[in-house]
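J.: Before anything else, here's the structure in question.
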Amino acid sequence: MRSIPLDSRRLTYFIAVAESLHFRKAAERLRLAQPALSQQIRRLEEELGCQLLKRDRRRVELTPAGVALLDTGRRALVQMAHAAEAAQRTAANQVALLRVGFLSPAAFALVPDVLRRLRLEHPYVHLVLREADSVTLLEEVRLGQLDVAFVRGPIPTPGIRVDTLYEEPLVVVLPSGHRFARRARVPLAALADESFIGYPRDPVPPLHDAMMEMCGAAGFSPSFVTEATEWYTIVSLVAAGIGLAILPESVRTFTRRGVVYRPLAGEQRHVALTIARPLAPPGPALRACLHIVSQVTGVRLSERT
């Protein structure tokens, strides 16, 4: 499937129609003639090769493709606005720009504290934040699209430097009504016959591999009923009774009615949170960030290649 560059103006027009589900109201909001708006939506559909809206004389509805574009399109426009703002602020104030990537929830306990101190101690640094999976973030660091990223590791990636900041144990996520929900620790082998919610290996190989290895050591291969890439989706599926999950302990930062988090009995398996940055010597903003990360974690981060 070929990649098609989207016109941000047409994307804005589509979002206005999708949010109101009414061409006249959207045209008024955009201060655009309704026929011109309809024409722009048709051209967008032609470019993408799919129908985004079902419309007749009485109503407008989103197609599945339209729902997908609305969600990702909103985020894309926000990212574009942030990029433009960063460029303008840098040009106007000569501030230092620091592009930071992070993986949730792994970085929740660390990244906010680091960024708070960075803002207090170095107010000239303008932050641009990016949340994605580990593999994506590492590639963006390698390509120079990010200055630093907090990711799961280790994932060997040529051209970048990766240091381990700390390791955290895995916990089991259970529905609050589960028979083991009141236990202080849960023996993994006792879950052999349970259904699990997994996550694809490609975005975070160390996490997937750690789970499979610990289940194998407990004498079983987990039975997956479905997979999800977002940790809050996985936890919500557990709350719905779809299955159990094994996630890093940092998932406890997400309070969700209907689930409990329990440590696993026996030998613990851990996954690492790492910091990745280019091999080149850091500039002033990245150097300040690395210094604060070292202070917070106690891990010495060399500035040499």
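J.: For segment 8-76, state the average projected area of the convex hull of the C-alpha atoms over all orientations, rounded to one decimal in nm².
T.: Spelled out: convex hull of the Cα atoms, projected over all directions, averaged, 4.1 nm².
J.: Let me ask another. Taking Rh as the Kirkwood radius computed over C-alpha pairs, what is the Stokes-Einstein D of the chain at 20 °C in a medium of viscosity 1.002 mPa s, expressed in µm² per second?
T.: Translational D for this selection: 96 µm²/s.
J.: So what is the orientation-averaged projected area of segment 208-305, using the convex hull of its C-alpha atoms, in nm²?
T.: Here the figure is 8.9 nm², rounded to one decimal.
J.: Follow-up. Using DSSP, restrict attention to beta bridges with both residues in the chain and report what percent are antiparallel, rounded to the nearest 5.
T.: Bridges in the chain are about 60 percent antiparallel.
J.: Follow-up question, since we're still on this one. Evaluate the relative contact order of the chain (contact order divided by residue number), counting alpha-carbon pairs under 8 angstrom at least 6 apart; express in whole percent.
T.: 20 percent.
J.: Mean Kyte-Doolittle of at least -1.0 and a Cα length of 30 Å or more along the axis: which whole DSSP H helices of the chain meet both?
T.: Within the chain the helices that satisfy the rule are 64-93.
J.: Hand me the trypsin sites (Lys or Arg not before Pro) from segment 105-192 located in a DSSP loop with no more than 13 other Cβ atoms within 10 Å, in residue order please.
T.: Arg179, Arg182, Arg185
J.: Running a GNM on the chain with Cα contacts under 10 Å, which residue among Ala192, Ala245, Ala285 ends up with the highest mean-square fluctuation?
T.: Ala192
J.: Next question. So which residue, out of Ile246, Ile275, Ile155, gets the largest mean-square fluctuation from a GNM of the chain using Cα contacts under 10 Å as springs?
T.: Ranking Ile246, Ile275, Ile155 by mean-square fluctuation puts Ile155 first.
J.: Taking amide H positions as placed in the peptide plane 1.01 Å from N, state which residues far from Phe196 in sequence (5 or more) or on other chains have amide H under 5 Å from it.
T.: So Phe196 has HN proximity to Ser223, Phe224, Val225, Leu244.
J.: Among Arg256, Arg43, Arg75, which one shows the highest mean-square fluctuation when the chain is modelled as a Gaussian network with alpha-carbon springs under 10 Å?
T.: Arg43
J.: Next question. P(r) tail for segment 119-211, what percent of Cα pairs lie past 23 Å?
T.: Percent of Cα pairs beyond 23 Å in segment 119-211: 47.
J.: What value, in deg cm²/dmol to 500, does the helix sum -39500 (n - 2.57) over DSSP H runs of n ≥ 4 give at 222 nm once divided by the residues of the chain?
T.: After summing the helix terms and dividing by the residues of the chain, the value is -13000 deg cm²/dmol.
Read-outs throughout are calculated quantities, based only on the coordinates presented, and are distinct from any laboratory measurement. None of these values were measured; they are calculated from a predicted model. Neighbour counts run over all protein chains shown; Cβ positions are idealised from the backbone, glycine included.
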